[in-house]
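Engineer: Shown below is the structure under consideration.
The values are calculated or read from the model by the stated rules, or taken from the named source; none is laboratory data. Owing to the predicted nature of the structure, the values given are computational and were not obtained by experimental measurement. Cβ placement follows ideal geometry from the backbone for every residue including glycine, while neighbour counts extend to all protein chains displayed.
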Amino acid sequence: MMKYKGYLGSVDYSDEDSVLFGKVEFIRDLISFEGKDVDSLKRAFEEAVDDYLQACQQRGIEPQKPFKGNFNVRTGPDLHRRIATFAAQKKSNLNKVVVDALEGHLSKAGWLSTKAKENISNNQKDSKPRIEH
């Protein structure tokens, strides 16, 4: 995925057309782009995002943004009851329990949060090598 101004663009290849192409992901509006090589694809992606933002501004509408920070999860009644009970026993809330569970699952899979990556980076900068004799 390519990143630009908070937007993510997919990268695909059409063997039939000998072209790289993609679209801006995680928004409802369709913004597509293509290029003959990686550099032209990246330029096309950035131009497509800039054109989209300019068109929204000209129309006086708010551009869609990916990842607003909330989504619905369908758990089924039993899991919903267990999560709510767990949250109550821990003097927490449903949202915090679900966020913590998702963070834990992603961390175990090697997908650290941006904050965790920053902490690791800062700790590595602050730490000095120890020489032991």
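Engineer: Looking only at segment 41-53, decide whether some residue is among the β-branched types (V, I, T) and at pLDDT below 90.
Structural biologist: No, because not a single residue in segment 41-53 is among the β-branched types (V, I, T) and at pLDDT below 90.
Engineer: I'm checking my understanding of the structure. Among residues of segment 47-95 that are surrounded by 12 or more Cβ atoms within 10 Å (Cβ to Cβ), small (G, A, S) and farther than 30 Å from S32 by Cα, which one is farthest from the chain's Cα centre (by Cα)?
Structural biologist: A88
Engineer: Anything in segment 25-36 that is over 13 Å from A55 (Cβ atoms) and under 18 Å from the mean Cα position of the chain (by Cα)? List them, or say none.
Structural biologist: E25, F26, I27, R28
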